[in-house]
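Okay, structure first, notes after.
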Amino acid sequence: MNPSRQRSAGQGDPLSLEKMKAADPLSPARKPKSPKPENAITIAVSSRVLFNMDVEQQIFEQKGMEEYLKYQVDHETEPFAPGPAFPFIKALEAVNAQLRDLYPESEELFDVVLMTNNHAHAGIRLINSINHHKLFVERFCMTGGNSLIGYLKAYHTNLYLSADSSKVREAIDEGIAAATMFSPEKVTQVSETQLRVAFDGDAVLFSDESERIYKAQGLDKFFEHEQAHENKPLDHGPLKGFLEVLGKLQRKFYAKGHRIDCPIRTYLVTARSAASAGSRALKTLRAWGLETDEALFLAGAPKGPMLAKIKPHIFFDDQMFHIEGAAELGTVAAHVPYGIAQKQPPKRMKDSVEPNSTQKGPQLLIN
Amino acid sequence: MDTEVRKTAIVKSDAMLVTAVSCYDIFDLHTQTESGTLGKGAAFTFIKAVQAVNKRLAMHNEKEALQFELILLGKDCEEQIKSNIFDSAKHYGLEIGRFYFCSREDFIETLKANKVKLFLSTDRDDVYSALKAGFPAALLCQQVSQQIQDQLKVLFSGDLIAHSEDTIDSLKDLGFSDVQIQNFKAGKSCIREFAMLIGEMRKRFGCEDSPLHIILVTVWGSRDVSATALKTLRGWGLYVDEAYCLAGAPRSPVLTTVQPHILWDDGLHFMKGTSHGGEQ
């Protein structure tokens, strides 16, 4: 057996034996091994939602790719500050720690993968930042401008979060659950031990079929339709699968007696009202064998205040109006660009740079 | 050694990246049209990608000395096939400077005699023979489709670059066989030379819109291994465009998406003792 050598990786030195043993599951002082993608719940995050890259994004938009990459390399040893997905990722790690305690052999864990269009020149700074914040992100794809879709699929991605709505839309079109993340206007303290995920109903968990009726025929017809079809489950929406995997993990906690203090809590936050259209929503979930811990029927009232009380790590909605309302009061909100509501452009939120808007050359967006 | 040589007019200099490929990889010797033109082989589009790089290099600088100079090798070819190969190369407009036909035993000698700086083959055994004889050699990847890509993609293994000679033997603890370790060492031996050459070439182009793309894939290691590999390559003058870190995830789905042409192999396949059975 070779003696171990204490050399730090990342200085351009060859790798020490110590680091290699860290990858060996039988070695005592080890990092946990990453689960196989087909077993894990893979959350793919872009660099701009994991970290705050506002300064760098501005340099890219104003001065172009070469200047942007030079800046990244020049500032390589300066870690980025956390981005909007950061609290969510930390909460996933907390859940993983608890899952490992209860099920040490299981690979049904969250696996966070950095999935970015970024050029590998920015890679070392990103890796240094991950190290600085002690995040458990072992896997990454930096595609240097090429499409992410093949890689999202290669990792069996369960959820893709990005700051770039065009990439999110592309992913949803390919059947991958995805959402565009926005930073809240103020920082809310969220739980470090319990993961809280809030979902809108229509066009997020469910299809947009009922929303279409509401838009085409008005509120009364919508109520009529929903009550008439109360017992017919709605079709599924892009985030149904993600709720499903969360439910699966919840049941693992219940099985070990952690029902009341389950480290995962889910919420349905819908504009439907409990009196009428809400019933169909609940019955649909039940028909799918799914449930949320809490179901909040707002009957059209703004979602912001309710979400501020719940303090979720992330809230998914298909309508920018609700996203903006949530962000105003400090909730990290993620837009699901799916369904009939997308015909209207976003009102106030600063979206990321769209292709062809300011760039002349190849559509090399920093993601 | 029976060597038939045909030269065409191209810029000649010592700086040329003399690259030898096998005719079996470029042409499909089993399919022919009536006129004797051979079908396209598994790595046919590689030639086109190389030609695109050469064209762009010449655009930047007419007198560019560092270009790919392609040599086609044929092992144990029959006479009829030889002329089919000449004609097919002409038919497809392939800019191949020289053709060498030799016997299986002599192919290393042929590489030596022609100062080959890079040998590419879809046959792993051939690649390792060349590496062990001291020639930079890499896998020529079978292309999934005949569609011409707009980039020549050169892929390096992060595990290979990051590990040193000292740590290689301990790989046996992780379940790799002696043969795999030998291949790993062979892959390590010539990689710096090749990386520096390709790095030089890559520098001729900007970050965007480059006809040459450098890719780093780290299969077994996690992010720190990748960081070490990126820094090592940078130290050799090679800047990476795309980087993927798998930390033990299966490599095929990622490689299928990347679609490299040239892959500098690390020899660590079919790892025993893990749940990754089969091709990794």
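The values are calculated or read from the model by the stated rules, or taken from the named source; none is laboratory data. Values in this document were obtained by computation on a predicted structure and should not be read as measured data. No Cβ is skipped: glycine too gets one built from the backbone with ideal geometry, and neighbour counts run over all protein chains shown. To get the accessible areas, we keep the full protein, side chains included, count just its heavy atoms, and leave off ligands, DNA and RNA. Shrake-Rupley method; radii C 1.70, N 1.55, O 1.52, S 1.80 Å.
Could you grab me the full set of residues in the stretch A:114-149 that are among the hydrophobic types (A, V, I, L, M, F, W, C), under 16 Å from B:D224 (Cβ atoms) and not in a loop (DSSP other than H, G, I, E, B)? Residues satisfying the conditions are A:L114, A:A120, A:I124, A:L126, A:I127, A:I130, A:F140, A:M142.
Against the conditions (1) in contact (Cβ under 8 Å) with a residue 60 or more places away in the chain; (2) outside any loop (DSSP other than H, G, I, E, B); (3) in contact with a helix residue (DSSP H, G or I) (Cβ under 8 Å, 6 or more places away or on another chain), A:K153 satisfies every one except (1).
Summed over the stretch A:180-194, residues that are within 20 Å of A:G247 (Cα to Cα) and open to solvent by less than 80 Å² (accessible area, probe 1.4 Å) total 2. Of all the listed residues (B:D224, B:D173), the sole one being of a type in the set (D, E), more than 25 Å from A:L114 (Cα to Cα) and either facing chain A (nearest Cβ under 8 Å) or surrounded by 23 or more Cβ atoms within 10 Å (Cβ to Cβ) (or both) is B:D173. Checking each residue in the stretch B:95-110 for being out of contact with any Ser or Thr (no Cβ under 7 Å at 6 or more places or on another chain) and under 19 Å from B:L66 (Cα atoms) picks out B:E95, B:I96, B:R98.
Filtering A:M1, A:M20 for residues that are within 13 Å of chain B (Cβ to nearest Cβ), at pLDDT below 95 and loosely packed, with under 13 Cβ neighbours inside 10 Å leaves a single hit, A:M1. When A:E93, A:E66 are checked against the criterion of being modelled with pLDDT of 95 or more and either more than 10 Å from every other protein chain (Cβ to nearest Cβ) or over 30 Å from A:K248 (Cβ atoms) (or both), A:E93 stands alone in meeting it.
Counting only helices (runs of 4 or more DSSP H) that sit completely within the stretch A:192-305, those holding 3 or more residues that are closer than 26 Å to A:V168 by Cβ correspond to A:209-217, A:240-255, A:278-287. A:G144 meets all of the listed conditions (1) touching a residue at least 24 places away in the same chain (Cβ under 8 Å); (2) closer than 28 Å to A:N39 by Cβ; (3) within 13 Å of another protein chain (Cβ to nearest Cβ) but one, namely (2).
Checking each residue in the stretch B:105-156 for being within 14 Å of the chain's Cα centre (by Cα) and charged (D, E, K, R) picks out B:K117, B:D123, B:R124, B:D125, B:D126, B:K153. If the condition is being farther than 20 Å from B:Q51 by Cβ and surrounded by 20 or more Cβ atoms within 10 Å (Cβ to Cβ), then the stretch B:195-206 contributes only B:A195. Taking the stretch A:195-232 as the range and being open to solvent by less than 50 Å² (accessible area, probe 1.4 Å) and either among the basic types (K, R) or touching a strand residue (DSSP E or B) at 6+ places or on another chain (Cβ under 6 Å) (or both) as the test, the residues that pass are A:L195, A:V197, A:A198, A:F199, A:D200, A:G201, A:V204, A:L205.
None of B:F205, B:F194, B:F184 is assigned to a loop (DSSP other than H, G, I, E, B) and touching a residue at least 40 places away in the same chain (Cβ under 8 Å) except B:F205. The conditions of being open to solvent by 30 Å² or more (accessible area, probe 1.4 Å), assigned to a loop (DSSP other than H, G, I, E, B) and in contact (Cβ under 8 Å) with a residue 60 or more places away in the chain are met by A:E108.
Checked against the criterion of being open to solvent by less than 40 Å² (accessible area, probe 1.4 Å), in a loop (DSSP other than H, G, I, E, B), modelled with pLDDT of 95 or more and within 24 Å of A:L69 (Cβ to Cβ), the stretch A:167-179 has no qualifying residue.
Matching residues to (1) in contact with an Asp or Glu (Cβ under 6 Å, 6 or more places away or on another chain); (2) within 14 Å of chain B (Cβ to nearest Cβ); (3) farther than 30 Å from B:T256 by Cβ:
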| position | (1), (2), (3) |
| --- | --- |
| A:I130 | no, yes, no |
| A:V168 | no, no, no |
| A:I172 | no, no, no |
| A:A179 | no, no, no |
| A:Q194 | no, no, yes |
| A:F206 | no, no, yes |
| A:F223 | no, no, yes |
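Figure legend. Inter-residue proximity from the stretch A:85-101: first residues farther than 13 Å from A:V137 by Cα, second residues assigned to a helix (DSSP H, G or I) and basic (K, R), beta-carbon distance below 9 Å, spacing 6+ or different chains. Indicated pairs: A:L99/A:K252. Going by what's in this entry, would B:V217 be described as over 17 Å from A:V73 (Cβ atoms) and open to solvent by less than 10 Å² (accessible area, probe 1.4 Å)? Yes. Scanning the stretch A:114-128 for residues that are in contact with an Asp or Glu (Cβ under 7 Å, 6 or more places away or on another chain) and facing chain B (nearest Cβ under 7 Å) turns up A:H119, A:A120, A:I124.
Looking across the stretch A:326-338, the residues that are crowded, with 22+ Cβ neighbours inside 10 Å and outside any strand (DSSP E or B) come down to A:A326, A:A327, A:T331, A:V332, A:V336, A:P337, A:Y338. Filtering the stretch B:170-215 to residues that are within 14 Å of the chain's Cα centre (by Cα) and not charged (D, E, K, R) leaves B:G187, B:C190, B:I191, B:F194, B:A195, B:L197, B:I198, B:L212, B:H213, B:I214, B:I215.
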